[in-house]
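In what follows, a single structure is set out as structure tokens and then discussed.
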Amino acid sequence: MVIKTRLTKRAIVQKFAEGVIRGDRVVLSRAITLIESSRTNDRSIAEDLIEKLLPHTGKSVRIGVTGAPGAGKSTFIEVFGKYITSVHKKLAVLAIDPSSQKTKGSILGDKTRMEELSRDPRAFIRPTPTGDSLGGVAHATRETMLLCEAAGYDVVLIETVGVGQSEVAVRGMVDFFLLLMLAGAGDELQGIKKGIMEMADGIAITKADGENVKKATQAQADFQHALHWLQPAESGWAPKVLTLSALSHTGIMEIWKMIEEYEQCVRSSGSFDRQRRHQKIAWFHESFDALIKKKVLSKSKSTLATFEKKVLANLLSPDKAAKQLMKKLMD
Ligand code: GDP
């Protein structure tokens, strides 16, 4: 009986793997659903599937795109995506939308987004995965990216709203991180921008058309100037600032050229592989940390609650409480 179950599972994994490698979009979609599932059975199949597909992964260019709501991300991705498919490349677009977890509504999940691109046979757009934690969503996105690579997508684009922690997670899974900025959006966003700016390999000032051209060009100069003050990256790449208009289709090809130039630069300096290796190990550590925490906490919920009470009552400092809890668990 046990053998039968194992064979069945193996057969399921095999079928999924064959379909994904064949580039079958229906199978790919089902495999992603499997990955997003939290059911133990699904997880177990998903893990085996990822393992089986690993030798077929890693060949795409992984691009992260971020920007505040309204910066023009979806309009840009639609036009940029059409450009990429027009040069005979297959493109997968994935999205991380932190808003959907809290509000059940979604900044990114709007059905009318990227309508034209979604009809393109060379493009695959996966709506936002939902999850109960950013860690879970990021994990699913990472695995989805690997599935898309195994399915033969040359470019994987991961979109995230630049309002929270999700861009840090995305930065940790892509090769090139592109920040979309609106010219003159106000100083109140500068705090967020600075942190994100430091992670960007390229910045694009969006909506550089009509009356906006002048403002956009000025913003380009300002940002380029600001970037000079940041530490030069070890990779040998100096982040660039460009302007674009998705509406009048200008500056789009230049973004792709910048990414190609970046890839050439970091491949020859060795930092492309270094970054990927680093990301892989970080993923392993993250996964391990999460497992340890889950396992330990599941066994010691009441002990944890006791320590929380002591911390709240000022009987123990948080650091000391953590140390004592650890000691208790290790004994
Ligand atoms: P997102 O929230 O970052 O995905 O932004 P959207 O792509 O939905 O764009 C927000 C608004 O800006 C929409 O009304 C778009 O029509 C408009 N928009 C997007 N790109 C451009 C552009 O290149 N030029 C102009 N003038 N408007 C744009």
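The values are calculated or read from the model by the stated rules, or taken from the named source; none is laboratory data. Because the structure is predicted, anything quoted here is derived from the model rather than measured. No Cβ is skipped: glycine too gets one built from the backbone with ideal geometry, and neighbour counts run over all protein chains shown. For the accessible areas, the whole protein counts, side chains as well, though only heavy atoms, and no ligand, DNA or RNA atoms are used. Shrake-Rupley method; radii C 1.70, N 1.55, O 1.52, S 1.80 Å.
Structure summary
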{"read-out": "Which of Leu230, Gln14, Leu325, positive extreme of dipole for the chain (C-beta unit charges)", "value": "Leu325"}
{"read-out": "Charge dipole magnitude, Cβ of K and R +1, D and E -1 - the stretch 240-331, Cα centre, debye nearest 20", "value": "800"}
{"read-out": "Accessible surface of the chain, 1.4 Å probe, proportion on carbon and sulfur as whole %", "value": "57"}
{"read-out": "Extreme residue, positive dipole direction of the chain, given options Met181, Val266, Val213 (C-beta unit charges)", "value": "Val266"}
{"read-out": "Principal axis box of the chain, alpha-carbon based, largest edge first, Å", "value": "66, 56, 42"}
{"read-out": "Asp42 accessible area, 1.4 Å probe, all protein chains in place, Å² to nearest 10", "value": "30"}
{"read-out": "For the stretch 212-331, diffusion coefficient by Stokes-Einstein and Kirkwood Rh (Cα), 20 °C, 1.002 mPa s, µm²/s", "value": "109"}
{"read-out": "Low-density loop positions, trypsin sites (Lys or Arg not before Pro), the stretch 55-85 - DSSP coil, at most 14 other Cβ in 10 Å", "value": "Lys59"}
{"read-out": "Length released on extending from Lys214 to Met326, taking residue separation times 0.36 nm less the Cα-Cα span", "value": "34.4 nm"}
{"read-out": "Positive-end extreme of charge dipole, the chain - chosen from Ala68, Leu28, Leu94 (charges on Cβ)", "value": "Leu28"}
{"read-out": "Solvent exposure, largest accessible area first (probe 1.4 Å, DNA, RNA and ligands not counted), of Asp331, Asp319", "value": "Asp331, Asp319"}
{"read-out": "Heavy atoms of Val61: accessible area, 1.4 Å probe, square angstrom to 10", "value": "20"}
{"read-out": "Solvent-accessible area of Lys293 with every protein chain in place, 1.4 Å probe, in Å² to the nearest 10", "value": "130"}
{"read-out": "Size of electric dipole in the chain: Cβ of Lys, Arg +1 and of Asp, Glu -1, about Cα centre, debye, nearest 20", "value": "1580"}
{"read-out": "Solvent-accessible surface ranking, highest first, for Cys148, Cys265 at 1.4 angstrom", "value": "Cys265, Cys148"}
{"read-out": "Probe 1.4 Å, protein heavy atoms only - accessible area per residue of the chain in square angstrom", "value": "56"}
